[in-house]
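The structure appears right after this line, and notes come after that.
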Amino acid sequence: MATITVRNLDDEVKELLRVSAAKNGHSMEEEARMILKQALVKKPPRYGLGTWMHQHFAELGGVELEIPPRDKTPPRIVTFDDDDDQL
């Protein structure tokens with residue numbers, strides 16, 4: 001394992017590191033290692049709910065849904081006027 005020396009560390013930063021280490025039950029050295037690792041090691045990307053569900057259930061296989069045919073009804077014109085109370 002490598003060793004590094006950090007020079008010119010502000011007293012305030014050193015004190016914050018000491019307090020954080022004490023709070024977490026670590027030495028200052030261990031706390032600094034953990035902070036550096038957390039800041040620099042790549043984390044796996046976080047996915048949205050849809051992606052998570054797809055990955056989680058993908059092994060179960062897909063579902064083929066029947067798409068109903070369109071009917072011959074002409075499309076309805078939609079207006080957003082306040083005067084138009086027709087639904």
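Each value in this text was obtained by applying a stated rule to the coordinates, not by laboratory testing. Nothing here was measured: the structure is a model prediction, and the numbers come from that model. Cβ: placed from backbone, ideal geometry, glycine included. Neighbour counts: every protein chain shown.
Rounded to the nearest 500, what is the 222 nm mean residue ellipticity of the chain from helices alone, with -39500 (n - 2.57) per DSSP H run of 4+ residues and division by all residues?
-13000 deg cm²/dmol
About the Cα centre of the chain, what is the dipole size in debye to 20, counting +1 per Lys and Arg Cβ and -1 per Asp and Glu Cβ, all else neutral?
The dipole magnitude comes to about 880 debye.
Taking all pairs of different Cα atoms in the chain, averaging 1/r and flipping that mean, what Kirkwood radius in angstroms comes out?
The answer is 20.6 Å.
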